[in-house]
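The values are calculated or read from the model by the stated rules, or taken from the named source; none is laboratory data. Keep in mind that what you see is a predicted model, and the values were worked out from it rather than measured. Glycine gets a Cβ as well: all are built from the backbone with ideal geometry, and neighbour counts include every protein chain shown.
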Amino acid sequence: MRVNVPCPRLRTGRAILGIVMGYPGGLATSTEVASADVGRCRRVRPARRGAARAHPGVTPGLDRMLMAPSSRAHRPDVTTVEIIGGPEPLSVGLHDHDARWAKDFRRHRHRILEALAGLDVAVEHIGSTSVPGLAAKPILDVVVTVPDITAEEDYLDALLAVGYELRVREPGHRLVRTPARDVHVHLYQRGDAAVDEYLLLRDHLRAHAADRELYEGVKRALINRRWDDMNDYAEAKNDVIAAIKSRARKARG
């Protein structure tokens with residue numbers, strides 16, 4: 001199932017990070033996107049406009065290494081939110097922090113950098129799994145910045161070729177995830193304010209135990225409720241995250 005709606009009507013995608021991260025207007029898909037049976041959904045593959053021909057005999061994904069990034073001017077971005085599979089319920093609980101999450105991140109970072117070799121990208125571990133000492137749902141969030149988010153031919157097919165699946169396409173943001181739905185890879189254009197918001201919260205929670213405990217307490221109070229739509233769970237955390245981020249900005253000066 002493919003869902004296409006105007007951005008203001010859907011509280012998912014970039015709108016969720018506005019809710020979850022307390023950013024005005026909404027910016028990005030949060031770590032709180034849950035999982036569903038993507039096998040029942042059509043995978044959307046972008047048109048490879050101007051893309052180079054794959055090299056016969058090259059391991060899938062490695063042909064991207066032989067392709068130069070597009071040099072044309074940025075094209076207009078999409079104007080709707082497309083969620084492959086539609087809204088999903090909260091289906092996993094909180095786990096105590098697991099040191100293996102950092103190792104898993106490094107493994108996916110290596111996979112992403114290999115798939116996008118030749119493209120100027122940055123890869124960061126974000127979300128609750130990136131904060132030692134903080135309980136989290138066992139879903140890793142990774143953020144990748146690319147030179148041009150609209151140039152999907154430069155990055156999207158390469159990530160699909162190494163096993164990720166498209167979940168969200170929306171203005172300024174793409175989300176791919178593993179078939180097991182335990183790793184979410186958020187893609188933004190370099191300089192997007194959403195990335196700064198992710199890192200602001202992550203770095204503050206890493207350094208401030210009181211806010212880390214406050215945030216975990218709110219999550220534990222909410223996680224035991226039934227959430228038929230993950231967006232509602234994310235929205236319920238809006239106030240505490242906005243307060244933490246406000247303190248983070250003051251502490252940063």
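Check the stretch 232-243 and report whether any residue there is surrounded by fewer than 21 Cβ atoms within 10 Å (Cβ to Cβ) and modelled with pLDDT of 95 or more. Yes, the stretch 232-243 contains at least one residue that is surrounded by fewer than 21 Cβ atoms within 10 Å (Cβ to Cβ) and modelled with pLDDT of 95 or more.
In the stretch 115-124, is there at least one residue being touching a residue at least 60 places away in the same chain (Cβ under 8 Å), over 24 Å from residue 226 (Cα atoms) and either in contact with a helix residue (DSSP H, G or I) (Cβ under 7 Å, 6 or more places away or on another chain) or surrounded by 18 or more Cβ atoms within 10 Å (Cβ to Cβ) (or both)? The answer is yes; a qualifying residue exists.
Going by the structure shown, is residue 182 surrounded by fewer than 18 Cβ atoms within 10 Å (Cβ to Cβ), within 12 Å of the chain's Cα centre (by Cα) and of a type outside the set (Lys, Arg)? Yes: the conditions hold for residue 182.
Considering only residues in the stretch 171-190 that are outside any strand (DSSP E or B) and charged (D, E, K, R), the one that is modelled with the lowest pLDDT turns out to be 181. For the stretch 98-128, a residue qualifies if it is among the small types (Gly, Ala, Ser) and either closer than 19 Å to residue 189 by Cα or part of a helix (DSSP H, G or I) (or both), and the qualifying residues are 102, 115, 117, 118, 122, 127, 128. Where the second residue is at pLDDT below 95 and the first is of a type outside the set (Val, Ile, Thr) and lies in the stretch 206-218, which pairs have Cβ atoms under 7 Å and are six or more apart or on separate chains? Final answer for the pair search is 214/240; 215/240. Hey, among 213, 235, which residue is within 25 Å of residue 98 (Cβ to Cβ) and of a type in the set (D, E, K, R)? The conditions single out 213.
In the stretch 130-145, the qualifying residues are those that are touching a strand residue (DSSP E or B) at 6+ places or on another chain (Cβ under 9 Å) and hydrophobic (A, V, I, L, M, F, W, C), and the one that is farthest from residue 192 (Cα to Cα) is 135. Residues in the stretch 192-210 include at least one that is in a loop (DSSP other than H, G, I, E, B) and farther than 20 Å from residue 237 by Cβ.
The condition of being of a type in the set (A, V, I, L, M) and within 21 Å of residue 244 (Cβ to Cβ) does not hold for residue 187.
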